[in-house]
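**Q** I have a structure here, written as structure tokens, and I will follow up with some questions on it.
The values are calculated or read from the model by the stated rules, or taken from the named source; none is laboratory data. This structure is a prediction, so every number in the text was calculated from the model and none was measured. Counting neighbours? That spans all protein chains shown, and the Cβs are built from the backbone with ideal geometry, glycine included.
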Amino acid sequence: MNKKYHVISTLVENKPGVLQKVAGMFNRRGFNIDGITVGVSEVEGLSRMVITVHADKKGLEQVTKQLNKLVDVVKIKDITKNAVKRELCLIKVHVPNEIARAEIMQYTNIFRANIVDVTEETLIIELTGDTEKIDAFISLLKGYGIKKISRTGLTAMARGV
């Protein structure tokens, strides 16, 4: 079975319990949600869910059909291939000395990240980009001692009209 990574953009009614219904549907069908972001959309009263999931073609069809059956779901689109995809990450990293601080600041500049908090012993760095960029940045910082990582999960928007 060849499971591929899919990004599904779903427009849903903005009311209590909708997220639970969507997540429950995935659970009942035996699919693990790799990531989900939810926020208000351009249409009043509707929210946009961006869901990432690993599924084969048959599984993706099943998920799409089941999502369409939910009363609160207005529109579903698989935007895996033609979308702008981004993730936000906050990383608290240990800064043992001034040399390490300078090196971390250089990496931050190279990756176009922002330092959003500074203490004597730590920096909190904010980074946005695709998953590979964030993974690469985290890999560089591991040698300094990462204290905490908070990632939003992927959000995406279809290209074009």
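**Q** What's the total number of residues in the range 115-137 that are buried (at least 17 other Cβ atoms within 10 Å of the Cβ) and either touching a Cys at 6+ places or on another chain (Cβ under 9 Å) or in the same structural domain as residue 55 (by TED's automatic domain parsing) (or both)?
**A** Residues that pass the stated criteria total 5.
**Q** Tell me the residue from 12, 38 that is touching a helix residue (DSSP H, G or I) at 6+ places or on another chain (Cβ under 9 Å) and under 20 Å from residue 151 (Cβ atoms), please. First the steps, then the outcome.
**A** Details: 12 fails: under 20 Å from residue 151 (Cβ atoms).
Within the list 12, 38, the selection yields 38.
**Q** Further question on the same structure: Can you name every residue in the range 90-126 that is basic (Lys, Arg) and within 27 Å of residue 153 (Cβ to Cβ)?
**A** Residues of the range 90-126 that are basic (Lys, Arg), as a first pass: 92, 101, 112.
If the condition is that a residue be basic (Lys, Arg) and within 27 Å of residue 153 (Cβ to Cβ), then 92, 112 are the ones that fit.
**Q** If residue 92 satisfies every condition in (1) among the basic types (Lys, Arg); (2) in contact with a strand residue (DSSP E or B) (Cβ under 6 Å, 6 or more places away or on another chain); (3) outside the structural domain of residue 141 (by TED's automatic domain parsing) but one, which is the exception?
**A** Of everything listed in (1) among the basic types (Lys, Arg); (2) in contact with a strand residue (DSSP E or B) (Cβ under 6 Å, 6 or more places away or on another chain); (3) outside the structural domain of residue 141 (by TED's automatic domain parsing), residue 92 misses just condition (3).
**Q** Working only within the range 130-154, note down all residues that are touching an Asp or Glu at 6+ places or on another chain (Cβ under 7 Å) and either aromatic (Phe, Trp, Tyr) or in a strand (DSSP E or B) (or both).
**A** The one that is touching an Asp or Glu at 6+ places or on another chain (Cβ under 7 Å) and either aromatic (Phe, Trp, Tyr) or in a strand (DSSP E or B) (or both): 151.
**Q** Any idea how many residues of the range 133-150 are modelled with pLDDT under 95 and under 17 Å from the mean Cα position of the chain (by Cα)?
**A** Adding up the residues that qualify gives 0.
**Q** Which members of the range 40-69 meet the condition of being loosely packed, with under 13 Cβ neighbours inside 10 Å, touching a residue at least 24 places away in the same chain (Cβ under 8 Å) and closer than 23 Å to residue 86 by Cα?
**A** 40, 43
**Q** Just to check your reading of the model, which residue among 86, 159 is in contact (Cβ under 8 Å) with a residue 60 or more places away in the chain and in contact with an Asp or Glu (Cβ under 8 Å, 6 or more places away or on another chain)?
**A** The unique qualifying residue is 86.
**Q** Another question, then. Can you pull out the residues in the range 102-129 that are closer than 20 Å to residue 87 by Cβ and assigned to a strand (DSSP E or B)?
**A** 114, 115, 116, 117, 123, 124, 125, 126, 127, 128, 129
**Q** Kindly list the number of the only condition in (1) of a type outside the set (Phe, Trp, Tyr); (2) under 30 Å from residue 49 (Cα atoms); (3) in contact (Cβ under 8 Å) with a residue 24 or more places away in the chain that fails for residue 112.
**A** Of (1) of a type outside the set (Phe, Trp, Tyr); (2) under 30 Å from residue 49 (Cα atoms); (3) in contact (Cβ under 8 Å) with a residue 24 or more places away in the chain, only one is false for residue 112: (3).
**Q** Output the residue which, of all residues in the range 5-35 that are part of a loop (DSSP other than H, G, I, E, B) and modelled with pLDDT of 90 or more, is surrounded by the fewest Cβ atoms within 10 Å (Cβ to Cβ). I'd like the intermediate steps shown before the answer.
**A** Kept after step one, since they are part of a loop (DSSP other than H, G, I, E, B), are these residues of the range 5-35: 14-17, 29-32.
Those still in the list that are modelled with pLDDT of 90 or more too: 14-17.
Working: 14: 17, 15: 10, 16: 6, 17: 10.
So, considering only residues that are part of a loop (DSSP other than H, G, I, E, B) and modelled with pLDDT of 90 or more, the one surrounded by the fewest Cβ atoms within 10 Å (Cβ to Cβ) is 16.
**Q** Please enumerate the residues belonging to the range 74-114 that are among the β-branched types (Val, Ile, Thr), surrounded by 14 or more Cβ atoms within 10 Å (Cβ to Cβ) and over 30 Å from residue 21 (Cα atoms).
**A** Scanning the range 74-114 gives 91, 93, 95, 104, 108.
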